[in-house]
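The values are calculated or read from the model by the stated rules, or taken from the named source; none is laboratory data. Worth saying up front: this structure is predicted, and the values here are computed from it rather than measured. Glycine gets a Cβ as well: all are built from the backbone with ideal geometry, and neighbour counts include every protein chain shown. Just the protein is used for accessible areas: all its heavy atoms, side chains included, with ligands, DNA and RNA removed. Shrake-Rupley method; radii C 1.70, N 1.55, O 1.52, S 1.80 Å.
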Amino acid sequence: MSSLTIENFKALSSRHAFSDFLPYLECDEKEGIFLLTDGVGFDLEASGLTGTGHDTWNQLKCIYEIDFPTNSSISFMVFADPNIHGILSRWANFRQGTASLDERRVGGIYRKLARSRFDFLQKGIHEPMYPGLDMRFRNFRHIISVKIPVGNSPSAVKASIDRAVKFRAAVVQQFSAMKLYTSQMSGDGLCQLL
């Protein structure tokens with residue numbers, strides 16, 4: 001039986017931070033562009049596609065017909081965010097504040113229904129909703145990340161940032177035309193997501 005050396009133990013037990021796998025170096029908050037290990041880029045959060053029709057594919061393929069700069073990349077991520085308490089609270093507060101005098105007279109049945117639904121949804125964040133069905137409530141967030149390569153000189157970086165700002169406007173416009181509204185992700189927003 002061989003013994004475990006200290007070097008082997010360190011190698012086996014070493015951990016990598018999640019940030020080690022991400023290309024972000026810093027964020028130019030003024031322009032809303034991230035400086036990456038191998039380029040510049042931006043992240044957008046898009047609303048979900050709530051319905052489809054016969055023309056959905058034609059709308060979606062327009063994203064890929066945008067004139068991307070050479071060697072650029074675009075990636076899509078759907079994140080099932082368990083942090084839905086704020087959404088539930090806003091929903092419940094809205095329902096609590098709209099009780100009419102007639103509703104209060106009948107014992108506030110609508111308030112009781114809203115409270116019951118809130119409790120059910122809140123419980124569904126951490127536990128399965130139904131026995132035997134491991135399904136939980138999540139806020140599905142759609143993140144679009146675009147990376148544009150950059151040259152080595154400071155002027156090349158500045159030119160790439162300017163190009164990324166113009167390119168982001170084209171991507172946002174294309175998504176808006178499809179009724180998929182986007183918001184720009186800031187450095188703080190990205191850190192909160194991660």
**Item:** 26 Å Cα-Cα threshold exceeded, pairs from Lys61/Lys166; Lys112/Lys179; Lys158/Lys179
**Value:** Lys112/Lys179; Lys158/Lys179
**Label point distance in nm, Glu7-Tyr64, each placed 7 Å from Cα along Cα→Cβ** = 4.9 nm
**Message:** Please report the net charge: other residues with Cβ closer than 13 Å to the Cβ of Phe68, K and R +1, D and E -1.
**Reply:** +2
**Item:** Net lengthening on full extension, Asp28/Phe79 (0.36 nm per residue, minus Cα-Cα)
**Value:** 15.9 nm
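Could you compute the net charge surrounding Gln174? Neighbours are other residues with a C-beta less than 14 Å from the C-beta of Gln174; K and R count +1, D and E count -1.
Surrounding charge for Gln174 is +2.
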**Prompt:** Summing +1 for each Lys or Arg and -1 for each Asp or Glu, what net charge is found among the other residues whose Cβ lies under 13 Å from the Cβ of Asp81?
**Reply:** +2
**Message:** Solvent-accessible area of Ile125, probe 1.4 Å, all protein chains present, reported in Å² to the nearest ten, please.
**Reply:** 10 Å²
**Segments 56-64, 176-184, 29-37 sorted - mean Cβ within 10 Å per residue, highest first** = 29-37, 176-184, 56-64
